[in-house]
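The values are calculated or read from the model by the stated rules, or taken from the named source; none is laboratory data. Everything numeric here is computed off the predicted structure, so don't read it as measured data. We place every Cβ from the backbone using ideal geometry, glycine too, and count neighbours over all the protein chains shown.
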Amino acid sequence: MPTKLTFHGQSAFTIENGTHSLLIDPFFTDNPVAKIAAADVKCTHIAITHGHFDHFADCEGIAKANDATVFAAYEICDYLGEQGHDKCEPGNPGGRIETEFGAISFTQAFHSSSFNGKYMGMPCGLVVEFDGAVFYHAGDTALFSDMELIGEIYKPDIAMLPIGDRFTMGPEMAAVAAEMIGAPSAIPMHYNTWPPIEVDVTKFSPEGIDVLVMEPGDAVELETE
C-alpha cells in the first residue's frame, strides 16, 4: 500500500499507510486554515518538533483520545507525563528511535521551544523513515549548513520546510535549504496562516527541486518497495 502524506495547515502533517498513522506537529483547534477538528483526528503515533502552541497545542488531547505514542524532546515528554499521558518516547538532536513503521531521527533546528511559559527542551527537526519512504520535517528553523549533511546521510524523498520568515526561514532562504538537502520534492509550510507570516510562495523556487504547494487537506502518495 502506498504511503500517504496529508497536509493540515501550518506545520501539521499525517503520514499513513493503512496500518500506522503518524501525526506531526498537531495544531487544529485555533488554526484558522485547518479543515478538520482535533476531535476528529485519528492516529497511532505523534511526533513533535518543539513546544510552541502552533505545533503542540492539540498534542495532549489527541494523544489521550487515540492512546498514541508521542515522540518528542525529553522535556515535552516529561510535561505530557505530568498531564497523565506517559506513552512517550523522548529524544534529542542526534538521536534515532526505531518504531513499528520505521524510525524517527531528531535533527537540530535553530529556533526556541516553550509552552505556556514552560521550557520545552531543544527544538528539533525530524527525519521520519516510514515504510520505506523518508521524510525530513525541518520544524521551525533558520537556514544552517548542516542541512546538506542531513540530505547526504538520510536522502529524504520529501523535505517539508518553513518559509514564513520572521520566526523561521523566508522563502528565498528555504529555497537554498531545499537545494542543500537535495530531496526530489519539497513542501513549503509555516506560512500564510496569519499576517505576520504571509509571504509570496512563488519566491520558494529551489533549482532542480519539485515544489509541492499544498493546501490544508491536500495529500500526496509515495509508492514504496
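For the stretch 7-17, the criterion of being touching a residue at least 12 places away in the same chain (Cβ under 8 Å), in contact with a Pro (Cβ under 9 Å, 6 or more places away or on another chain), over 14 Å from Pro216 (Cα atoms) and assigned to a loop (DSSP other than H, G, I, E, B) is met by at least one residue. Please verify whether Leu143 is of a type in the set (A, V, I, L, M) and either under 14 Å from the mean Cα position of the chain (by Cα) or not in a loop (DSSP other than H, G, I, E, B) (or both), treating the condition exactly as stated. The answer is no for Leu143. Screening the stretch 84-108 for residues that are in contact with a Phe, Trp or Tyr (Cβ under 9 Å, 6 or more places away or on another chain) and not in a strand (DSSP E or B) and picking the one that is surrounded by the fewest Cβ atoms within 10 Å (Cβ to Cβ) gives Gly94.
Asp58 meets each of the listed conditions (1) among the acidic types (Asp, Glu); (2) under 18 Å from Ile181 (Cβ atoms); (3) in contact with a helix residue (DSSP H, G or I) (Cβ under 9 Å, 6 or more places away or on another chain) apart from (2).
Could you tell me whether Thr49 is modelled with pLDDT of 95 or more, polar (S, T, N, Q) and surrounded by fewer than 20 Cβ atoms within 10 Å (Cβ to Cβ)? No, not satisfied.
Of the candidates Gly125, Gly132, Gly151, the single residue that is touching a residue at least 12 places away in the same chain (Cβ under 8 Å), touching a Ser or Thr at 6+ places or on another chain (Cβ under 8 Å) and buried (at least 18 other Cβ atoms within 10 Å of the Cβ) is Gly125. Within the stretch 82-117, the set of residues being over 16 Å from the mean Cα position of the chain (by Cα), among the small types (Gly, Ala, Ser) and within 19 Å of Cys59 (Cα to Cα) comprises Gly84, Ser114, Gly117. Restricting attention to the stretch 118-140, the residues that are over 16 Å from the mean Cα position of the chain (by Cα) and part of a strand (DSSP E or B) total 2. Cβ-Cβ contacts under 6 Å between residues 6 or more apart (or on different chains), taken from a first residue in the stretch 106-120 that is touching a residue at least 24 places away in the same chain (Cβ under 8 Å) to a second residue that is surrounded by fewer than 19 Cβ atoms within 10 Å (Cβ to Cβ) and of a type in the set (Ser, Thr, Tyr), are listed as Met120/Ser114. In the set (1) in contact (Cβ under 8 Å) with a residue 60 or more places away in the chain; (2) hydrophobic (A, V, I, L, M, F, W, C); (3) buried (at least 18 other Cβ atoms within 10 Å of the Cβ); (4) out of contact with any Gly (no Cβ under 7 Å at 6 or more places or on another chain), Val70 fails one condition alone, (1). Within the stretch 66-83, the set of residues being in contact with a strand residue (DSSP E or B) (Cβ under 9 Å, 6 or more places away or on another chain) and either over 21 Å from Phe135 (Cα atoms) or part of a helix (DSSP H, G or I) (or both) comprises Asn66, Tyr74, Glu75, Ile76, Cys77, Asp78, Tyr79, Leu80, Gly81.
When Thr29 is tested against (1) closer than 24 Å to Glu198 by Cα; (2) buried (at least 16 other Cβ atoms within 10 Å of the Cβ); (3) in contact with a helix residue (DSSP H, G or I) (Cβ under 9 Å, 6 or more places away or on another chain); (4) of a type outside the set (D, E, K, R), exactly one condition is not met: (2). Among the residues of this structure, Thr44 does not count as one that is more than 24 Å from Ile163 (Cβ to Cβ), exposed (fewer than 14 other Cβ atoms within 10 Å of the Cβ) and of a type in the set (Ser, Thr, Tyr).
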